[in-house]
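Note sheet for the following structure.
The values are calculated or read from the model by the stated rules, or taken from the named source; none is laboratory data. Keep in mind it's a predicted model, so treat the numbers as computed, not measured. Because the Cβ atoms are built from the backbone with ideal geometry, glycine has one as well, and the counts that use them run over all protein chains shown. With ligands, DNA and RNA removed, areas are computed over all heavy atoms of the protein, side chains included. Shrake-Rupley method; radii C 1.70, N 1.55, O 1.52, S 1.80 Å.
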Number of protein chains: 2
Amino acid sequence: MALLGIHLIADFFECDSSVINNIESVEKILTESVIISGATLIKPFFHRFSPQGISGIIVVAESHFSIHTWPEHSAAAVDIFSCGDFNHIAALKLIKEKIKSANNSVVQIARNSIQSNDANNPDLQYKKIIL
Amino acid sequence: MALLGIHLIADFFECDSSVINNIESVEKILTESVIISGATLIKPFFHRFSPQGISGIIVVAESHFSIHTWPEHSAAAVDIFSCGDFNHIAALKLIKEKIKSANNSVVQIARNSIQSNDANNPDLQYKKIIL
């Protein structure tokens, strides 16, 4: 099977809640992360929920960047899904710095490779990333 | 740490390439999957690449649905990221049926729970889903 892409799943904790509840800030940060990664921006969309929280998606030529924020938990969930060769780690490091996250967990998953039928032992091909 | 959401990572293989290379079909299928799941549609965006392939994102009140297709590989990658309680499995089954996928692999990941520092043994909390 073809490799569909690399998917980085990043959960950020202990963030600056005022930053991640500001739609202009979140859009600027995710856009800068696309630019620093070298990906090609196609279409951004950002939405602020009431009373709080932002969802943002940027479709790029190589797949997508997404962010969802929970200011009430000082948390943000970021996905970078890429079928191209660009600098995902630089993008995540920029996001981590700008949202002032003191704690994170990041894994990289190879999409296409989750094939086991053993529910307790799927051979998910992933690796832990330290930012 | 709070549970940020449930993330379903679904890779579909042996799909009908003519369906997954048709932007109207892909938009209709992903939109129907949002509706059947019970999620609340906020904003859809679909893009067709040249010479082939579709990327589609639907931001929902509960996070997002995304699809990327590779007609040349008869493959599609779908993500459903949800911080709400809706029927993700019905959504994935509908997509599987409509794109006529003969083979798939799906895992469900609890976002917030990837915490180990052991790169070979991260305690990713996931489970295999059989559609």
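Some points to look at:
- Conditions (1) open to solvent by 40 Å² or more (accessible area, probe 1.4 Å); (2) closer than 21 Å to residue A:43 by Cα: number failed by residue B:102: (2)
- Residue check for residue A:50: modelled with pLDDT of 95 or more, among the small types (Gly, Ala, Ser) and on the phi < 0 side of the Ramachandran plot: no
- For the stretch A:7-29, the tally of residues that are out of contact with any helix residue (DSSP H, G or I) (no Cβ under 7 Å at 6 or more places or on another chain) and either of a type outside the set (D, E, K, R) or not in a strand (DSSP E or B) (or both) stands at 12.
- Checked against the criteria, residue B:81 counts as open to solvent by less than 10 Å² (accessible area, probe 1.4 Å) and under 28 Å from residue A:106 (Cα atoms).
- Selection from the stretch B:32-67 of residues that are out of contact with any Leu (no Cβ under 7 Å at 6 or more places or on another chain), in a strand (DSSP E or B) and within 10 Å of chain A (Cβ to nearest Cβ): B:42, B:43, B:44, B:45, B:46, B:47, B:55, B:57, B:59, B:63, B:64, B:66
Yes/no matrix, rows are residues, columns are (1) of a type in the set (Lys, Arg); (2) touching a strand residue (DSSP E or B) at 6+ places or on another chain (Cβ under 7 Å):
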{"position": "A:20", "(1), (2)": "no, yes"}
{"position": "A:23", "(1), (2)": "no, yes"}
{"position": "A:60", "(1), (2)": "no, yes"}
{"position": "A:69", "(1), (2)": "no, yes"}
{"position": "A:93", "(1), (2)": "yes, no"}
{"position": "A:97", "(1), (2)": "no, no"}
{"position": "A:103", "(1), (2)": "no, yes"}
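- Some residue of the stretch B:32-49 being surrounded by 16 or more Cβ atoms within 10 Å (Cβ to Cβ) and touching a residue at least 60 places away in the same chain (Cβ under 8 Å): yes
- Contacts under 8 angstrom Cβ, first residue in the stretch B:1-26 being closer than 17 Å to residue B:83 by Cα and at pLDDT below 95, partner of a type in the set (D, E, K, R) and open to solvent by 10 Å² or more (accessible area, probe 1.4 Å), 6 or more apart: B:5/B:62
- Whichever residue in the stretch B:85-94 is under 14 Å from residue B:39 (Cα atoms) and open to solvent by less than 30 Å² (accessible area, probe 1.4 Å) and, among such residues, is farthest from the other protein chains (Cβ to nearest Cβ): B:90
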